[in-house]
Structure formats: C-alpha cells, structure tokens
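The values are calculated or read from the model by the stated rules, or taken from the named source; none is laboratory data. Just so we're clear, the structure is a prediction, and the values are computed from it rather than from any experiment. When we count neighbours, we look across all protein chains shown, and the Cβ atoms used for this are built from the backbone with ideal geometry, even at glycine.
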Amino acid sequence: MIDYLDGLLRSAINPYYYGVLVTAGINIILVLSLNLVTGFTGQLHLGHAGFMAVGAYTAGILATAYKWTFYPALLAGGLAAAAVGLVVGLPTLRLRGDYLAIATLGFGEIVRITALNLNITGGPFGLRGIPRVTNLPLVVIAVVVTYVFLWSLVRSRFGRALVAIREDEVAAQAMGIETTRMKVTAFVVAAFFAGIAGGLFAYWFRYLNPSSFGFMVSIELLAMAVLGGLGNLLGSVLGASIITFLPELLRTTYPAIAERRLVFYGALLVLIMILRPNGLLGSSSESGWLEIWLRRRRRAATVAPEGPGAAPGGEPHGAA
C-alpha cells in the first residue's frame with residue numbers, strides 16, 4: 001500500500017519538490033520533539049542534532065554492516081537515541097538556564113566528534129551504502145504518529161506537569177512534582193523521536209557525514225520552533241515547513257538573489273521575531289483557534305432547552 005501511494009506521488013510531484021517534502025517532514029518530527037523539551041518544559045536544548053545523529057548512525061550501521069531491514073533498524077535508532085538521552089539527561093537536567101544550554105551543546109559536539117573519529121561510522125569520509133527506503137508516505141505517517149502522540153502527551157497529567165515546570169520549577173517542586181524525573185522523561189521521549197527522524201534521514205540520503213549534524217543544525221531546529229511558537233505543536237509544523245521551503249523557494253523562484261538568499265532569509269526571520277515575538281501561532285500550547293472552536297461546539301451542544309418547545313441551543317421551534 002505504501003509503495004503504491006509512493007508511486008502515485010512520484011508520478012504527480014516533481015522529483016526535486018518530492019525531496020524537499022521528505023526533508024520538511026523529517027524536520028517537522030525533529031522540531032515537534034524539540035518543542036517538547038524547550039517549548040513545553042522550558043529547558044533550553046542546543047544538542048538535538050546529536051540525538052538525530054545517534055539514530056541516523058545506528059540505523060545506517062545496522063543496515064550496512066549487519067544487513068538489518070528497515071523497520072527494526074529504524075526502531076533501534078530511536079531506542080539508541082532514547083538510551084543516550086537517558087544517560088545524558090540524568091546529570092545535565094539538574095542544571096538550569098545557560099548551564100543546561102552549554103551542557104547540551106557540548107553533548108552535540110561530542111557526538112559529532114565521536115562519529116568523526118570512529119572507523120565504523122566511516123570517519124570524515126562518511127557512511128555510505130545505506131539503501132534508500134524512506135519515501136514521502138512513510139514520512140507523512142511518521143509525522144502524524146509523532147504529532148498525535150505528543151498532542152496526547154501534553155494534554156495528559158504528565159503534560160500539565162511539564163508546563164508547570166516551565167512556568168515555575170520551584171513552585172512545581174513545592175507542589176509535589178518530581179521535576180527532575182519529569183524533565184528526564186521528556187528528554188528521553190524527545191530523543192526517541194529525534195532518533196526516528198535520524199533513521200529516516202539516513203534511509204533517504206543514503207550517506208551520512210558528521211558535518212550533517214553540527215551545531216548549526218541544532219540552532220536551525222531551535223529557530224524553527226521559535227518561529228512557529230514555543231509550546232505550540234501546530235507552530236512547530238508551520239515553522240519547520242517555512243524554514244525548509246523558504247530557502248528553496250527563493251533559490252528557484254528568484255535566481256537573481258540566489259547567492260544572497262541566506263541574508264534575505266535571516267532578515268525575514270528577524271522581522272518576524274520583531275513583529276511576532278511569541279512566534280507565528282503564539283505559545284499558547286494549542287489553546288488557540290482550534291481549542292476555542294471545539295470548546296464552543298461542546299458548549300453549544302450542552303445548552304439546556306429553555307421552555308416548552310425549545311430546540312437544542314435554547315431557541316424555540318420556528319424562531320427566525
């Protein structure tokens with residue numbers, strides 16, 4: 001079924017734009033998972049590309065050296081990233097603010113340098129020979145699963161505890177919330193989905209190089225989350241889509257500014273941050289238009305009839 005859908009999409013979409021759509025989907029998964037830590041929990045995380053690298057190299061090595069099939073290797077990449085997230089999160093998430101940002105930044109660089117110096121990862125020459133299995137339907141399914149899971153998570157008791165930690169960690173701890181355990185759990189969940197995105201990345205590009213997971217990748221992911229709105233899952237989707245498509249759109253539509261597109265792209269980000277400091281969709285944790293619309297529908301459905309002959313919603317039958 002997935003192969004059939006992929007065939008239809010490839011016949012209908014230009015191969016170049018097909019690749020951009022796949023890249024955008026992978027970025028959406030990364031930004032959604034980053035938003036769980038930075039947007040909902042309030043922990044500044046600058047090493048998210050490190051978890052992506054762990055998932056990508058795990059899946060790539062299992063596929064090339066051990067001939068694992070796609071789904072087990074992809075799951076192993078996510079679990080490996082989650083395990084690393086647990087090991088890293090236990091000591092670092094006791095830190096706060098700038099100290100946490102520096103610690104996670106150091107973690108990302110440790111992963112990159114490790115991949116640069118290991119023979120099994122191909123060292124500076126990169127890891128080659130990964131089969132191309134990732135396609136657009138698979139990425140769309142992964143995006144939907146990630147979004148639904150995180151949407152359910154942030155609306156649970158666990159999600160409300162994360163928001164409480166973000167708003168005031170001392171007060172949350174005084175109310176009995178185990179702040180360190182909650183932060184580590186969010187870190188592990190985010191690392192798992194980043195590892196899944198890394199596996200999809202490996203199976204799409206077929207070649208992994210440590211430079212693909214540098215510090216600037218983490219900064220770009222953070223910019224996507226901030227652009228859409230921290231603490232807003234729909235904002236993560238929007239921010240990742242804009243920052244993925246905008247440079248390509250400028251490069252293909254306006255060739256005259258192709259060499260200066262990064263300057264234009266950066267200036268546009270600065271302008272948006274000045275006009276919308278909370279992001280394009282705000283930081284209301286999904287309590288925006290969709291939540292308001294659903295609440296109004298539920299309220300209208302539960303209004304009691306007023307008087308005999310009244311229709312649901314309180315209006316008499318035949319009222320103009």
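Does THR64 satisfy the condition of being under 22 Å from LEU153 (Cα atoms) and either polar (S, T, N, Q) or surrounded by fewer than 24 Cβ atoms within 10 Å (Cβ to Cβ) (or both)? So THR64 does not fit the description; no.
Taking the range 107-150 as the range and being assigned to a helix (DSSP H, G or I) and either among the small types (Gly, Ala, Ser) or touching a strand residue (DSSP E or B) at 6+ places or on another chain (Cβ under 7 Å) (or both) as the test, the residues that pass are GLY108, ALA115, GLY123, ALA142. May I ask you to verify whether LEU74 is free of Cβ contacts under 8 Å to residues at least 24 places away in the same chain and either basic (Lys, Arg) or assigned to a helix (DSSP H, G or I) (or both)? Answer is no for this residue. Among the helices (runs of 4 or more DSSP H) confined to the range 167-240, the ones with at least 1 residues that are touching a Phe, Trp or Tyr at 6+ places or on another chain (Cβ under 8 Å) are located at 179-205. Of the candidates THR23, THR69, the single residue that is over 13 Å from PHE192 (Cα atoms) and either basic (Lys, Arg) or touching a residue at least 24 places away in the same chain (Cβ under 8 Å) (or both) is THR23. Residues in the range 92-111 that are at pLDDT below 90 and over 20 Å from the mean Cα position of the chain (by Cα): THR92, ARG94, LEU95, ARG96, GLY97, ASP98, TYR99. Sort through TYR207, TYR203 and tell me the only one that's more than 11 Å from the chain's Cα centre (by Cα) and closer than 21 Å to VAL144 by Cα. Answer to the check: TYR203. Filtered by the rule that a residue be farther than 20 Å from ALA76 by Cβ and charged (D, E, K, R), the range 202-228 gives a lone residue, GLU220. Filtering the range 29-41 for residues that are of a type outside the set (Gly, Ala, Ser), surrounded by fewer than 18 Cβ atoms within 10 Å (Cβ to Cβ) and in contact (Cβ under 8 Å) with a residue 60 or more places away in the chain leaves an empty set. Inspection of the range 101-111 finds a residue satisfying the criterion of being touching a Pro at 6+ places or on another chain (Cβ under 9 Å) and within 23 Å of THR64 (Cα to Cα).
Among residues of the range 112-124 that are modelled with pLDDT under 95, those with a beta-carbon under 9 Å from a residue that is of a type in the set (A, V, I, L, M, F, W, C) and loosely packed, with under 15 Cβ neighbours inside 10 Å at least six positions away or on a different chain give the pairs ILE120/ALA65. When ALA49, ALA53 are checked against the criterion of being more than 17 Å from THR146 (Cα to Cα), under 14 Å from the mean Cα position of the chain (by Cα) and in a helix (DSSP H, G or I), ALA49 stands alone in meeting it. With respect to the conditions (1) more than 21 Å from ILE26 (Cβ to Cβ); (2) at pLDDT 80 or above; (3) among the polar types (S, T, N, Q), SER241 falls short on a single one, namely (1).
Do we have any residue at all in the range 27-40 that's modelled with pLDDT under 95, hydroxyl-bearing (Ser, Thr, Tyr) and under 20 Å from the mean Cα position of the chain (by Cα)? Within the range 27-40 (the criterion being modelled with pLDDT under 95, hydroxyl-bearing (Ser, Thr, Tyr) and under 20 Å from the mean Cα position of the chain (by Cα)), the answer is yes, since at least one residue qualifies.
When LEU153 is tested against (1) in a helix (DSSP H, G or I); (2) touching a residue at least 40 places away in the same chain (Cβ under 8 Å); (3) under 30 Å from PRO210 (Cα atoms), only condition (3) is not met.
Only one entry of GLY229, GLY198 meets the criterion of being modelled with pLDDT under 90 and crowded, with 19+ Cβ neighbours inside 10 Å, and that entry is GLY229.
Of the residues making up the range 156-166, those that are in a helix (DSSP H, G or I), without any contact (Cβ under 8 Å) to a residue 12 or more places away in the chain and under 27 Å from ALA240 (Cβ atoms) number 1. A single entry from LEU246, LEU250 fulfils the requirement of being over 23 Å from PHE40 (Cα atoms), surrounded by 15 or more Cβ atoms within 10 Å (Cβ to Cβ) and in contact with a Lys or Arg (Cβ under 7 Å, 6 or more places away or on another chain): LEU250.
When residues in the range 78-94 are screened for being surrounded by 15 or more Cβ atoms within 10 Å (Cβ to Cβ) and either touching a strand residue (DSSP E or B) at 6+ places or on another chain (Cβ under 6 Å) or free of Cβ contacts under 8 Å to residues at least 40 places away in the same chain (or both), 2 of them pass.
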